[in-house]
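Taken together, the values in this text are just the output of simple stated rules run on the coordinates, not laboratory data. Because the structure is a prediction, the values reported are computed rather than measured. No Cβ is skipped: glycine too gets one built from the backbone with ideal geometry, and neighbour counts run over all protein chains shown.
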Amino acid sequence: MDRRNWILLLALAALWGASYLFIKIGLDDLSPAGIVFTRTALAAVVLLPVAIKRGGMAPLWRRAPALALLAAVQVAGPFLLISAGEQHIASSLAGILVAAAPIFTAIFAIWLDQAERLSTNGVIGVVIGILGVALLLGVEVDGSGLAGGLMVVLASVGYALGGFGLKRYFTGYQPIALVASTMTASAIMTLPLFLLDLPSRVGADTAAAMAALGLGGTGIAFVIYYTLNREIGPTRTSLVAYVAPVFAVVYGVTLLDEDFGFTTALGIVLIVGGSWLAAKSPARAPVEAPQARSAEAAA
């Protein structure tokens, strides 16, 4: 990769890693549904004009029911769970736990996609990653924090399941049109929940965080991702899934004064390392499918 692509890769990891920081700030004034509606609506505003100009939206209208299900499983549901979970746990911990998505992808592949069966290294990666999740949930959190951590882990399950749906039912569609469509559908789904719990006030810090989350961490980030995917290929682009959690930790510790001890450090090593082994291990996997799923998990 040349210098420009390295800069883009790091910028993408920085944007996706910052999402958890922006969510934590937004929770000062907004409900979880308010955060999800705002970020997906802003992302749709950024991406829809590009998708329409490229002519990718028309074919997707005929798949509206399946597209709505994909949006619920892979976008609206996980985004809501992460935002609700961050009411009880640190943003840095949320960023680490979401990195477990490739572990669940590897597990579900046993039943959903035999072409991606695990090798021995893959099984080892799953075990290592699960130990990391158990360590963080068992030591770092308790009470409501445990519930919040489990919500974030469940969000990573949604990312994994959505990846299989994306591969099976939406291969061949323009990626940016898929993202624009799922963001639009997610905004529509979460609007009623947002209206049921409107904020009494929205501070300047919340407004700035939501603008950064929607336009940067959700909209622009996906544009960068697809640019890299085209220029350097999905394998190298998937590296962002393992760098973004590190940014999440740095942001949380330095900007929000969140704790970072030995247990957290060991947990991130186990989860990111196990995820990497699990994601890279399938014996007969198509080149692009696992990479697309890894990238979705980091957002």
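Using a/c under 1.5 as the rounded threshold, could you call the range 113-199 rounded, prolate or oblate? The axes a ≥ b ≥ c are square roots of the C-alpha gyration tensor eigenvalues, and prolate needs a/b larger than b/c, oblate otherwise. Because a/c hits 1.5 or more and a/b fails to exceed b/c, the range 113-199 counts as oblate. Couplings 3J(HN,Hα) for the range 219-224, derived from phi with the Karplus relation 6.51 cos²θ - 1.76 cosθ + 1.60 (θ = phi - 60°), are x, 4, 4, 5, 5, 4 Hz, where x marks Gly and Pro.
Of the peptides 136-148, 254-266, the order by per-residue mean of other Cβ atoms within 10 Å, starting with the highest, comes out as 136-148, 254-266. Between Leu30 and any residue 5 or more places off or on another chain, the built amide H atoms are never under 5 Å apart. A Cα-only calculation for the range 68-226 places Rg and Dmax at 17.1, 54 Å. Summing Cβ point charges (Lys, Arg +1; Asp, Glu -1) relative to the Cα centre of the chain gives a dipole of roughly 1280 debye. With N as its number of residues, the range 131-171 has a Cα radius of gyration that, divided by 2.2 N^0.38 Å, comes to 1.53. For the chain, relative contact order (Cα pairs under 8 Å, six or more residues apart, normalised by length) works out to 42 percent. Ordering Ala147, Gly252, Ile96 by Cα displacement along the dipole of the chain toward the positive end leaves Ile96 in first place; charges were set at the Cβ atoms of Lys, Arg (+1) and Asp, Glu (-1).
When peptides 24-36, 42-54, 2-14 are sorted by average Cβ neighbour count within 10 Å, with the highest value leading, the order is 24-36, 42-54, 2-14. Legend: P(r) of the range 1-139 from all alpha carbon pair distances, 10 Å bins from 0, whole percents, reading 10, 26, 34, 26, 4, 0.
Write down the Kirkwood hydrodynamic radius of the range 145-256, to one decimal in angstroms, obtained as one divided by the mean of 1/r over all alpha carbon pairs. It works out to 16.9 Å. Note on the range 1-60: Cα-only Rg and Dmax are 15.5, 42 Å. Once the convex hull of all Cα atoms in the range 3-298 is built, its volume per residue stands at 126 Å³.
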